[in-house]
Amino acid sequence: MKNRIVSLALGAAVLLLTAISCGVKSAYYQKQEAIPGAQWEYKFQPVFAVDITDTQALYRFYLLVRHDEGYPNANLWFRLKVKAPGDTTFSEGIRIEKDLADSKGEWLGRGMGGIWEHKLPLLAKEVPRLAKPGRYEFRIEQIMRSNPLPSVLNVGLIVEKIERK
C-alpha cells in the first residue's frame, strides 16, 4: 500500500513537471457570470471586456457554459456580439451553435455532482479579427427557442494568447 502511494505521488509530480516544462499557461482572460436563478432570459446578455494590446498575437476564444442535469437540450444557440475599441455599438454577431451532448444524449463536458462544464472552442470565423489595440467588449446572447432557458448556471468567456516559438 505504501509503495502504491509513493508511486502515485511520483507519477503526479512527473505530470506536473511535464506540464510546466511544456509551457502550460493560464488564460489571458477568463471571466464568468452567474445566470440569475439558473434561468437564462433573452434580456440577460453578459458583457466581457478584454484589453488587447498585442494585435499581432494569435488568440483562442472559448465559451464557458455550466449547467445542471436538468438542462433540456443537447446544444446551445447563441450570438457573440462584439464592440471594438472606438465603436459605439455592438456588432450584430453571427448565429453560433455548439453541441453540449452527443447523439446518445451523453454530456460532452466535464461533470461533477450533477453539474456540467463545457469549454467550447470558438472558430476563427465566429470571432472577429482583433485589428486595433484597446478594449474589446463581447456580449453573449442566448437565442434558443426557450425563454427563459432553464438549468444554465454560468456563462463565461476564456481568451488564451498563443505564444509563438
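Listed values for the range 46-57 are Karplus-derived 3J(HN,Hα) couplings in whole Hz (6.51 cos²θ - 1.76 cosθ + 1.60, θ = phi - 60°), namely x, 10, 10, 9, 10, 8, 10, 9, 9, 7, 7, 6, and x replaces Gly and Pro. Pairwise Cα distances in the range 27-162 exceed 18 Å in 54 percent of cases. Charge tally around R110: other residues with Cβ under 12 Å, Lys/Arg +1 each, Asp/Glu -1 each, net +1. Listed by chain and number, the aspartates and glutamates placed with their C-alpha closer than 19 angstrom to that of K161 are D51, D54, E126, E137; residues fewer than eight positions away on the same chain are left out.
A straight line joining the Cα centroids of the range 116-165 and the range 28-66 runs 5 Å. Within the shell of other residues whose beta carbon sits under 9 angstrom from the beta carbon of V82, the net charge comes to +1, with Lys and Arg scored +1 and Asp and Glu -1. Spin-label pair K119-I143: with each label point 7 Å from Cα along the Cα-Cβ axis, the two points sit 2.7 nm from one another. The mean sequence distance of close C-alpha pairs (under 8 Å, at least 6 residues apart), as a share of the length of the range 21-165, puts its relative contact order at 48 percent. If the chain linking D68 and E163 were pulled fully straight, counting 0.36 nm for each residue of separation and taking away their Cα-Cα distance, it would gain 30.7 nm. Taking every alpha-carbon pair under 8 Å whose residues sit at least 6 apart, the range 72-150 reaches a relative contact order of 41 percent.
Rule-based calculations on the coordinates, nothing more; no lab input. The structure presented is a predicted model; accordingly, all values stated were derived computationally and were not measured. Positions of Cβ are generated from backbone atoms using ideal geometry, with glycine treated the same way; all protein chains shown enter the neighbour counts.
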